[in-house]
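Here is the structure we will look at, set down as structure tokens.
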Amino acid sequence: MTEPAPSAPRTPGAVLFDVDGTLVDTVYLHCVAWWRALRQFDHDVETARIHRAIGMGSDRILDHLLGSDRDKSADDEIRTAHSTLFGVYWDSLRTTPGARDVLFAVHDRGLRVVLASSAAAPELKALRRALDAESVIDTATGSADAEASKPAPDIVQVALKRSGLQADEVIFVGDSVWDVKAANALDIPCIGLTCGGISEAELRDAGAARVYANPRALLGELDVALKR
């Protein structure tokens, strides 16, 4: 019996983008803000450990850094301190190389541009202002839209629902292993970017289908990268 020919690669209906670290250069700003917030409450955590945790939502990062069996009575205050400290940078945020261009390029190819972020509403507003790409953004998510943050796939599921697409119709772009894990939990191919400071090896080990240095490098191979 003749085996059926493999199906040809197809272009997705939408591209889901993480924002922090992927499209806006915020990872190390978050590291410093978390480091200072933790120090205010007598937690001395190495910035290298904090860096590897960026991409998790604030509902998970403290358990990851401090352990889940600790006294959690000050958690809300620590998160508030981080938000306040990070907020100092909002007016000076800059995009990662090629971020705005890749959003317009995806839109120009007839695909939906979806921001799958777990940032709180005020922070997401600042990130979108830095991107300056409102005319091509189809929809966006924030921390209030999901019960659990990355690496749980909740935010990605919300983004799918809002875009009216299924998991097999999209591709995800992110900069952290938590992005890759969230996408892979739904069998969505994830393109990893190293502009958030996570190495190609780490992203590939987590399951990234392709890895590029930044959105500009992705843009240079966009038509190839978008084939599922």
The number of residues in region 122-136 that are at negative phi, more than 14 Å from the chain's Cα centre (by Cα) and open to solvent by 20 Å² or more (accessible area, probe 1.4 Å) is 6
Number of positions in region 45-73 that are assigned to a helix (DSSP H, G or I), at pLDDT below 95 and of a type in the set (Ser, Thr, Tyr) | 1
Of the candidates GLY196, GLY220, the one satisfying the condition of being open to solvent by 60 Å² or more (accessible area, probe 1.4 Å) and at pLDDT 95 or above is GLY220
Pair list, Cβ under 9 Å, 6 or more apart: region 212-228 residue within 18 Å of ILE188 (Cβ to Cβ), other residue hydroxyl-bearing (Ser, Thr, Tyr) and in a helix (DSSP H, G or I) | TYR212/THR194
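Rundown of residues vs (1) touching a Lys or Arg at 6+ places or on another chain (Cβ under 7 Å); (2) open to solvent by 70 Å² or more (accessible area, probe 1.4 Å); (3) of a type in the set (Phe, Trp, Tyr); (4) modelled with pLDDT of 95 or more, yes/no style:
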residue: GLY13; (1), (2), (3), (4): yes, no, no, no
residue: ASP20; (1), (2), (3), (4): no, no, no, yes
residue: HIS43; (1), (2), (3), (4): no, no, no, yes
residue: GLY87; (1), (2), (3), (4): no, no, no, yes
residue: ARG100; (1), (2), (3), (4): no, yes, no, yes
Among (1) free of Cβ contacts under 8 Å to residues at least 24 places away in the same chain; (2) among the basic types (Lys, Arg); (3) buried (at least 18 other Cβ atoms within 10 Å of the Cβ), which single condition is LYS181 missing?
-> (1)
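The values are calculated or read from the model by the stated rules, or taken from the named source; none is laboratory data. This one's a predicted model, so the numbers in the text were calculated from it and none came from an experiment. We place every Cβ from the backbone using ideal geometry, glycine too, and count neighbours over all the protein chains shown. Each accessible area value is taken on the protein alone, full model and side chains, heavy atoms only, with ligands, DNA and RNA left out. Shrake-Rupley method; radii C 1.70, N 1.55, O 1.52, S 1.80 Å.
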